[in-house]
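Have a look at the structure below before the remarks.
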Ligand SMILES: [Zn+2]
C-alpha cells in the first residue's frame, strides 16, 4: 500500500493515508471520502441482500433433512442457471458455425 498525503474535506488538515475506503481523519474523525465509503457500503449491502434472496440460507441449527433439502434446492437453482447459460452459448456457437458454413 502506498502512503499519500490527503487533505481532510471536513477540517482541512493534511494527514497520511493508506488508501482504504473507510479511512477517517485523525483530527476530526470524518471520512476522507464519504461518497466512496457510502458507495462501498451500499454495494456490500446489495451483495448481502442478493445472497439472502438468491439462496436458501442454511443455518447451523437447521434439521439435517432441512439442510439437505436446502442444499438440493440451491444446487438445482445453480444448475438451472448455468444450464440455461450453456444452452445460449451452444446456440450462439451453432449459429456462428452455420453462418460460416453457408458463406
Ligand atoms: Zn478532518
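Readers should treat all values here as calculations from the given coordinates under stated rules, not as data from a laboratory. These figures come from a predicted structure and were not determined experimentally. Cβ placement follows ideal geometry from the backbone for every residue including glycine, while neighbour counts extend to all protein chains displayed.
Let me spell it out: the conditions are (1) over 27 Å from the mean Cα position of the chain (by Cα); (2) surrounded by 12 or more Cβ atoms within 10 Å (Cβ to Cβ); (3) away from the ligand (no atom under 16 Å from the Cβ), and residue 92 meets all of them except one. Which number is the exception?
Going through the list (1) over 27 Å from the mean Cα position of the chain (by Cα); (2) surrounded by 12 or more Cβ atoms within 10 Å (Cβ to Cβ); (3) away from the ligand (no atom under 16 Å from the Cβ), residue 92 breaks only (2).
Sort through 51, 77 and tell me the only one that's on the phi < 0 side of the Ramachandran plot, away from the ligand (no atom under 16 Å from the Cβ) and in contact with a helix residue (DSSP H, G or I) (Cβ under 9 Å, 6 or more places away or on another chain). Steps first, answer last, please.
Values: 51 fails: in contact with a helix residue (DSSP H, G or I) (Cβ under 9 Å, 6 or more places away or on another chain).
It is 77.
Could you list, in sequence order, the residues of the stretch 15-42 that are loosely packed, with under 12 Cβ neighbours inside 10 Å and not in a loop (DSSP other than H, G, I, E, B)?
16, 34, 35, 42
Would you mind stating whether residue 81 is touching a strand residue (DSSP E or B) at 6+ places or on another chain (Cβ under 6 Å) and part of a helix (DSSP H, G or I)?
Spelling it out, it is not the case that residue 81 is touching a strand residue (DSSP E or B) at 6+ places or on another chain (Cβ under 6 Å) and part of a helix (DSSP H, G or I).
Of all residues in the stretch 53-89, which are surrounded by 10 or more Cβ atoms within 10 Å (Cβ to Cβ) and within 30 Å of residue 20 (Cβ to Cβ)?
Once the filter is applied, which keeps residues that are surrounded by 10 or more Cβ atoms within 10 Å (Cβ to Cβ) and within 30 Å of residue 20 (Cβ to Cβ), the stretch 53-89 yields 54, 55, 57.
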